[in-house]
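Undergrad: The structure follows.
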């Protein structure tokens, strides 16, 4: 009987000691419950991410001419014409550029000024103007759609007049305008990027996370993000530092700048060509260049050339359809 009692007591005593040891192990704090993960598993690593970018591509760039013919009559208060001195085209403005199915419609207006010698004894020089002369030009662009964007530019290619002494108050004007248009479309492109690293394993509230300190308590002048966030790390625990995003896939060259043409020369085929600060008609004009001038090409983008002008110092962008490449 005593032996049985002794055995029961030993069993009870053993179970009690086991439960006590269990309590002792569970009462050591949350820090003892940290998973035994390898150090490299607790580091943050950049994660690949897929992003969709909107890329603008040139569908087509086209050039067409437009001939305007009209009569200009001398105002009533002005004397008759003896001889026309010159005719000037001023302020050519493009008012709208609309994309319809397979076409671009360009609308605008211009101003013309006529200088003439009056049919008077002392032959004084007079002038008269005609403003808001409307023009419209549609240019065929295969594949153009109303949802696409288009830009346009224009220049005066030719001006002529016809004066008949039998009708001394009328001048017949002929103007040839040249138009350029560029239609662009936006496409979506998937690229792979390296995203921000995953945060390290979330450290428990009890343990070294309780050791957070203010920046003033560090000996160093700089305090890292991880020190301010997680406190002082125990020895041997690596700190995950953010890494910069790197693009793993780039945009095709057709959507950007082409450097392969750099160093070549070209001859201007248009007269009074605008030299702009960027590759497009939305950029301001900084200069004009005359027909026959030779420029040095630095790069090409979206149908435009970045060139060095004949003075060797001035640089700017010129529409490529104005330039004939030299061999």
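The values are calculated or read from the model by the stated rules, or taken from the named source; none is laboratory data. This is a predicted model, so every value here is computed, not measured. Here the Cβ is made from the backbone with ideal geometry for all residues, glycine too, and neighbour counts use every protein chain on show.
Undergrad: With the structure loaded, tell me whether residue 184 is outside the structural domain of residue 94 (by TED's automatic domain parsing), at pLDDT below 95 and assigned to a strand (DSSP E or B) or whether it fails that test. Walk me through how you get there before you give the answer.
TA: Details: outside the structural domain of residue 94 (by TED's automatic domain parsing): no; at pLDDT below 95: yes; assigned to a strand (DSSP E or B): yes.
Judged against the criteria, residue 184 is not a match.
Undergrad: For segment 71-109, which positions are exposed (fewer than 13 other Cβ atoms within 10 Å of the Cβ), under 18 Å from residue 158 (Cα atoms) and modelled with pLDDT of 95 or more?
TA: Answer for segment 71-109, where residues must be exposed (fewer than 13 other Cβ atoms within 10 Å of the Cβ), under 18 Å from residue 158 (Cα atoms) and modelled with pLDDT of 95 or more: just 71.
Undergrad: All but one of (1) surrounded by 17 or more Cβ atoms within 10 Å (Cβ to Cβ); (2) modelled with pLDDT under 95 hold for residue 112; state the number of the condition that does not hold.
TA: Result: residue 112 fails condition (2) only.
Undergrad: Can you tell me which residues in segment 114-145 are more than 30 Å from residue 66 (Cα to Cα) and under 49 Å from the mean Cα position of the chain (by Cα)?
TA: none
Undergrad: Need the failing condition index for residue 46 against (1) at pLDDT 90 or above; (2) within 29 Å of the chain's Cα centre (by Cα); (3) outside any strand (DSSP E or B), just the number.
TA: (1)
Undergrad: Of 291, 298, which residue is surrounded by fewer than 18 Cβ atoms within 10 Å (Cβ to Cβ) and in a loop (DSSP other than H, G, I, E, B)?
TA: Working: 298 fails: in a loop (DSSP other than H, G, I, E, B).
291 is the lone residue from the list that is surrounded by fewer than 18 Cβ atoms within 10 Å (Cβ to Cβ) and in a loop (DSSP other than H, G, I, E, B).
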